[in-house]
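Only the coordinates and a few stated rules stand behind these numbers; no lab work does. Computed from a predicted structure; not experimentally measured. All Cβ positions, even for glycine, are placed from backbone atoms using ideal geometry, and neighbour counts span all protein chains on display.
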């Protein structure tokens, strides 16, 4: 049985889509048979992909919490939101600081339909959604200026999204366009796949790119680190997601994952 009761306008259920497959790996219900079929096919080749998905999500939670509690950030830009699950950026931020303001950016019709229904923030804060492609930096930054303002530091999160940009050079230019426009003290949070040159991860990637509507490319560690050029990395630097400031109870139990992460501050 299909997990979803209705199909939002503009949603193609004949081809698997990244946000919906990712939702399946996270245990969500906002996906269709075609998404689950590819998701399970990838899992059969490379079971660690579900660990990667959860690791990226858990990193987002720890990073946003750190920015709110330790860095005093109250404004957030979440680029490539994906389908809402548990512990979205606004929920994490507003749990510690109810006055936090969050702008989400995505252009997937299903994401938009669900986000508008589910992404409700606190009365003290604000939660807004921008329907745009992450490559449309000028338009998104104009919305950010209107909705968040550019007079205080902003926390930018891009989780599992930059691999969908066809080349590393283009992805890096996109990241730098955002950070160049934001105030000093703004922080960049990125998690994405750093893949070995061979093995089941690459087999899974090949299968994904044959079947999915939106292709994906992995990173080398050096390529991933290049997103943070010109910024000041927070400790512990570029590391697998579970190693980025793990919760005390998680020490010594970090799962093996290809998802890497880092947080860096604009000088």
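Suppose R0 equals 45 Å; then what is the FRET efficiency for residue 99 and residue 235 from their Cβ-Cβ distance, rounded to the nearest 0.05?
For R0 = 45 Å, the calculated efficiency reads 0.95.
The overall shape of the stretch 158-254, judged from the alpha-carbon gyration tensor, is oblate: a/c is not under 1.5, and a/b is no greater than b/c. Here, the chain is characterised by an Rg to Rh ratio of 0.94, where Rg is the alpha-carbon radius of gyration and Rh the Kirkwood radius.
Length available on full extension from residue 13 to residue 207: 0.36 nm per residue minus the Cα-Cα distance, which gives 68.0 nm. If each DSSP helix of 4+ residues adds -39,500 (n - 2.57) and the sum is divided by the residues in the chain, what number results at 222 nm, nearest 500 deg cm²/dmol? The helix-only estimate for the chain comes to -12000 deg cm²/dmol at 222 nm.
Fewest neighbouring Cβ atoms within 10 Å first, the residues 76, 228 line up as 228, 76. Legend: ranking of residues 133, 151, 247 from fewest to most surrounding C-beta atoms inside 10 Å; resulting order 151, 247, 133. Given R0 = 30 Å, the distance between the Cβ atoms of residue 69 and residue 173 translates into a calculated FRET efficiency of 0.40. What shape does the stretch 124-180 take by its C-alpha gyration tensor, where a ≥ b ≥ c are the square roots of the eigenvalues and a/c under 1.5 counts as rounded, a/b above b/c as prolate, and the rest as oblate? Taking the square roots of the gyration eigenvalues as a ≥ b ≥ c, the stretch 124-180 is prolate. DSSP beta bridges confined to the chain are antiparallel in about 35 percent of cases. With neighbours defined as other Cβ atoms within 10 Å of a residue's Cβ, the residues 101, 245, 75, 221 order from fewest to most as 221, 245, 101, 75.
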